[in-house]
Amino acid sequence: MSPSTRADSVRDRIVSAAKAEFSQHGIAGARIDRIAKAARTSKERVYAYFSSKVALYRFVSAQELAAVTEATRMDPTDLPRYAGRLHDYFTDHPDRFRLISWGQLELDAGDSLPHDSFRESVAHKVEQLREAQEASRLDADWDPVDILVFVHQIATAWAAQPDLLPPNDEGRATFLAARRAAIITAVERLFPATTKN
């Protein structure tokens, strides 16, 4: 194994351990020593790659934001199905929902990443919605920022309520399928799909 490959392996282990640590404990509660131990390295190596705990959080949350965007792909002319994909993603990966949520709770508005990545993602989606409105494929009476926020809030409603979900058994899948159907119906009533099937 070359030195470069070994370095990448250590960095990858740090990032993986950091995702688990931040998801469970948030930014303030996360500990670099626990991340280092889980990554089988030293605190000094963690700081060699990432200048601070917040810098490490920014990196892993920006990675996760990119993964969510790729996995759910917003279609501004079919927001109900987009909401369904968001629901599926975050109920399947509650740790990832927590990881992103901690940044919104704990970082100051003036901080850059992940907020820069988040703002870029929001700006891109708002522009997609605006273009759909201009093409008469989406109700132009709504502010596109409101559309995006409302769809996301509805889509992640159950991911944000883990205590209300049934335990991991056969009934859970049925329960979540019904919640998914309700989310799609709610978004459809607000923003009907205009895609051609």
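The values are calculated or read from the model by the stated rules, or taken from the named source; none is laboratory data. The structure presented is a predicted model; accordingly, all values stated were derived computationally and were not measured. In this analysis, Cβ positions are derived from the backbone assuming ideal geometry, glycine residues included, and neighbour counts consider all displayed protein chains. The accessibility values were calculated without ligands, DNA or RNA, using every heavy atom of the protein model including side chains. Shrake-Rupley method; radii C 1.70, N 1.55, O 1.52, S 1.80 Å.
List of remarks:
- Restricting the calculation to Cα atoms, the chain shows an Rg/Rh of 1.04 when the hydrodynamic-style radius is the Kirkwood one.
- Residue-normalised accessible area of the stretch 42-197, expressed per residue, 1.4 Å probe, Å²: 57
- Computed E for Ser42/Leu105 - FRET, C-beta separation, R0 35 angstrom, nearest 0.05: 0.75
- The gain in end-to-end length when the Phe175 to Arg34 segment is fully stretched comes to 47.2 nm, 0.36 nm per residue minus the alpha carbon separation.
- Choice from Leu56, Leu105, Leu79 showing the highest fluctuation, given a GNM over the chain with Cα pairs closer than 10 Å: Leu105
- Among Pro162, Pro76, Pro144, residue whose mean-square fluctuation peaks in a GNM of the chain (springs only between Cα atoms under 10 Å): Pro162
- Per the Debye calculation on the stretch 17-59 with a single equal scatterer at every Cα and no solvent contribution, log₁₀ I(q)/I(0) for q = 0.16, 0.17, 0.18, 0.32 Å⁻¹ amounts to -0.31, -0.36, -0.40, -1.27.
- The listed residues Ser136, Ser61, Ser16, Ser52, once ranked by accessible area (1.4 Å probe) with the largest placed first, stand as Ser136, Ser16, Ser52, Ser61.
- Only protein heavy atoms count here; on that basis, with a 1.4 Å probe, Ile154 has an accessible area of about 40 Å².
- Volume in Å³ per residue [convex hull over Cα atoms, computed for the stretch 2-97]: 111
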